[in-house]
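**Q** Next up is a structure, given as structure tokens.
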Amino acid sequence: MRRSDARILTTHVGSLVRPAELLEQSKASRESAEERRRYEEALRCATRDVVAQQVDAGLDIVNDGEYDKSSWANYVLDRMTGFEERPDRLYEAVWLGRDRHRFRDFMVAEFPRGAKSVRGHVCVGPIEYRGHDTIRRNIADLTLALAESGVEEGFLTAVAPASTGYDSSNEYYTDERDYVFAVADALREEYLEIVNAGLILQVDDAVLANMYDELVQESPDRYRAWAEVRVEALNHALRGIPEEKVRYHICFGSWHVPHMADAALSDIVDLMLSVRAGAYSIEAANARHEHEWRVWQTAKLPPGRILIPGVVTHHTTTVEHPRLVADRIVRFAGLVGRENVMAGTDCGFAQLEGIRRVHPQVMWAKLEALAEGARIASRELWS
């Protein structure tokens, strides 16, 4: 993993708004083998284009935009055995915590998922990974695009055990721990494919933080027990993988809701830092979490690790001024060391296939502001 040895390096969390044409081809690909072949060729071209766009925007460590994923997390249920969709099993949005009750009228009007239960998945058999062909195609597409754009380092995202099947339940494994570790063993197959191809693995884990408010209502110990077994399972899945090949992204959900139920970073930072990763990606540019730079006045980043604070956010349409971006970077550099900071985004811009948190033009303007802010900060930090 590259470090900010001579300047602040730039990256982002992962999901980028998909082109409309690619979304149409993705839908058509389910109809026939011929349409599937056309989609895969279109995906290869789109991956090449989005890598080039990231480079043009000024990003150093780039990815495939998560273009081939149906969602940031539930994509993996299609790559595993053992799960089936159940129309009769409905799941409340418990990952919104008390906000789903506190702001029920808002949820009904602006975010219906927060106000109603939806059908999800049930684990009914042994969990095994079966997505090798898909992840290998994603790797090949990204590797080719990186080479064509002359990019030194790229990353692919994969979901964490805690965030797998967040609208699902287990009916097969007799013990919750066995279920979580079975998920972890399956995910390990995807993790290994990514790192063995020479790419950086980013593990996404929003649900680890999102479940805080719901579970602490039972007791803080209830949340800690729930979270600790899932962090243990993640480290089990990462065993033997060099830490410098892994980034860990934790956030509080990309959805545009009030976020009063978000966990405080100070309450979960120890869990995050216990993950065997070389870098930690966090939210730090939105109105609910920007103040949490103060956490790093007391929390200690382990030696050799990198912090990737979000310095632009998906939460607003307003494009951050590069001077503000630079100020955020300089502040973190003063706390953890300039060589230990990489500039990033709060979260992705399109966590579901058809979602866009901001308009694509705004998204690219934000990424350009991120890069310009990093250049300003670099001049000041290495003057």
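**Q** Which helices, taking whole DSSP H runs in the chain, have alpha carbons extending 15 angstrom or more along the helix axis plus mean Kyte-Doolittle at least 0.5? All intermediate terms of the calculation are to be shown ahead of the outcome.
**A** On the way: long enough: 33-57 (35 Å, -0.98); 132-149 (25 Å, -0.14); 176-196 (30 Å, -0.15); 220-237 (26 Å, -0.84); 322-336 (21 Å, 0.81); 360-381 (31 Å, 0.02).
Span-like helices here: 322-336.
**Q** Now, a different point. Using DSSP to call loops (not H, G, I, E or B), can you name the chymotrypsin sites (Phe, Trp or Tyr not before Pro) in the stretch 338-383 whose Cβ has at most 12 other Cβ atoms within 10 angstrom? Let's see the in-between values first.
**A** On the way: sites: F349, W364, W382; in loops: F349, W382.
Here the sparse-neighbourhood loop sites are W382.
**Q** Where in the stretch 144-246 are there GluC sites (Glu not before Pro) that are in a DSSP coil and have at most 16 other Cβ atoms within 10 angstrom of their Cβ? Intermediate values should be presented prior to the final figure.
**A** Details: sites: E148, E152, E153, E171, E176, E189, E190, E193, E214, E218, E228, E232, E243, E244; in loops: E152, E171, E218.
Answer in residue order: E152, E171, E218.
**Q** Further, regarding this structure: Summing Lys, Arg as +1 and Asp, Glu as -1, what charge do residues with Cβ under 9 Å from the Cβ of I282 carry, I282 excluded? List each step's numbers first, then the result.
**A** Details: positive: none; negative: E283, E292, D346.
Taking every other residue near I282 into account, the sum is -3.
**Q** Which of the aspartates and glutamates could be linked to K366 by a straight reach, that is with a Cα gap under 19 Å, when you skip same-chain ones fewer than 8 residues away?
**A** D49, D56, D60, D64, E66, E283, E290, E320, D327, D346
**Q** Of all beta bridges DSSP finds with both residues in the chain, what is the antiparallel percent, to the nearest 5?
**A** 25
**Q** Still on this structure, please answer the following. Ignoring ligands, DNA and RNA, what percent of the accessible area of the stretch 257-313 is carbon or sulfur (1.4 Å)?
**A** Working: 1040 of 2010 Å².
Whole-percent figure for carbon plus sulfur exposure: 52.
**Q** For the stretch 99-164, what number results from the quotient of the Cα radius of gyration and 2.2 N^0.38 Å? Display every interim value, and only then the final one.
**A** Numbers: Rg = 19.5 Å, N = 66, 2.2 N^0.38 = 10.8 Å.
Here the answer is 1.81, to two decimals.
**Q** Does the chain come out rounded, prolate or oblate by the C-alpha gyration tensor, with a ≥ b ≥ c the root eigenvalues, rounded set by a/c under 1.5 and, if not, prolate when a/b is larger than b/c and oblate if not? Kindly include the intermediate steps, with their values, before the conclusion.
**A** On the way: a/c = 1.38, a/b = 1.14, b/c = 1.22.
Taking the square roots of the gyration eigenvalues as a ≥ b ≥ c, the chain is rounded.
**Q** Quick one: compute the contact order of the stretch 257-383, relative version, from alpha carbon pairs under 8 angstrom and 6+ residues apart, as a percent. Could you put the intermediate results ahead of the total?
**A** Working: 180 pairs, mean separation 33.7, N = 127.
Answer for the stretch 257-383 is 27 percent.
**Q** Can you tally the net charge around R239? Count Lys and Arg as +1, Asp and Glu as -1, for every other residue whose Cβ sits under 9 Å from the Cβ of R239. Can you show the working numbers first?
**A** On the way: positive: R188, R276; negative: none.
Local net charge: +2.
**Q** For the stretch 1-144, give the percent of accessible area contributed by carbon and sulfur heavy atoms, probe 1.4 Å, rounded to a whole number. Present the calculation step by step, with values, prior to reporting the outcome.
**A** Numbers: 3170 of 6750 Å².
Summing carbon and sulfur atoms, their accessible area is 47 percent of the total for the stretch 1-144.
**Q** Please tell me the relative contact order of the chain in percent, rounded to the nearest whole number, where contacts are Cα pairs under 8 Å and at least six residues apart. Before the final figure, lay out each step's value.
**A** Numbers: 757 pairs, mean separation 84.4, N = 383.
After rounding, I find 22 percent.
**Q** Need one word for the stretch 172-320: rounded, prolate or oblate. Basis is the Cα gyration tensor (sqrt eigenvalues a ≥ b ≥ c); a/c below 1.5 gives rounded, then a/b vs b/c decides.
**A** Values: a/c = 1.68, a/b = 1.20, b/c = 1.40.
It is oblate, given that a/c is not under 1.5 and a/b is not larger than b/c.
**Q** Further question: Using only the alpha-carbon atoms of the stretch 30-90 as identical scatterers, what base-10 log of I(q)/I(0) does the Debye formula give at q = 0.27 Å⁻¹?
**A** For the stretch 30-90, the Cα-only Debye profile gives -1.13.
**Q** Classify the stretch 273-383: rounded, prolate or oblate, from the alpha-carbon gyration tensor (a ≥ b ≥ c, eigenvalue square roots; a/c under 1.5 rounded; otherwise prolate if a/b is larger than b/c)?
**A** Numbers: a/c = 1.99, a/b = 1.35, b/c = 1.48.
Cα axes put the stretch 273-383 in the oblate bin.
**Q** May I ask you to derive the relative contact order of the stretch 140-198, considering only C-alpha pairs under 8 Å and at least 6 residues apart, and to give it as an integer percent?
**A** Once normalised by length, the contact order is 32 percent.
**Q** Follow-up. Could you work out the helix-only [θ] at 222 nm for the chain, with each DSSP H run of four or more residues adding -39,500 (n - 2.57) and the total divided by the number of residues, to the nearest 500 deg cm²/dmol? Please list the in-between numbers first.
**A** On the way: 12 runs with 158 residues, N = 383.
Result for the chain: -13000 deg cm²/dmol, rounded to the nearest 500.
The values are calculated or read from the model by the stated rules, or taken from the named source; none is laboratory data. This one's a predicted model, so the numbers in the text were calculated from it and none came from an experiment. Neighbour counts run over all protein chains shown; Cβ positions are idealised from the backbone, glycine included. With ligands, DNA and RNA removed, areas are computed over all heavy atoms of the protein, side chains included. Shrake-Rupley method; radii C 1.70, N 1.55, O 1.52, S 1.80 Å.
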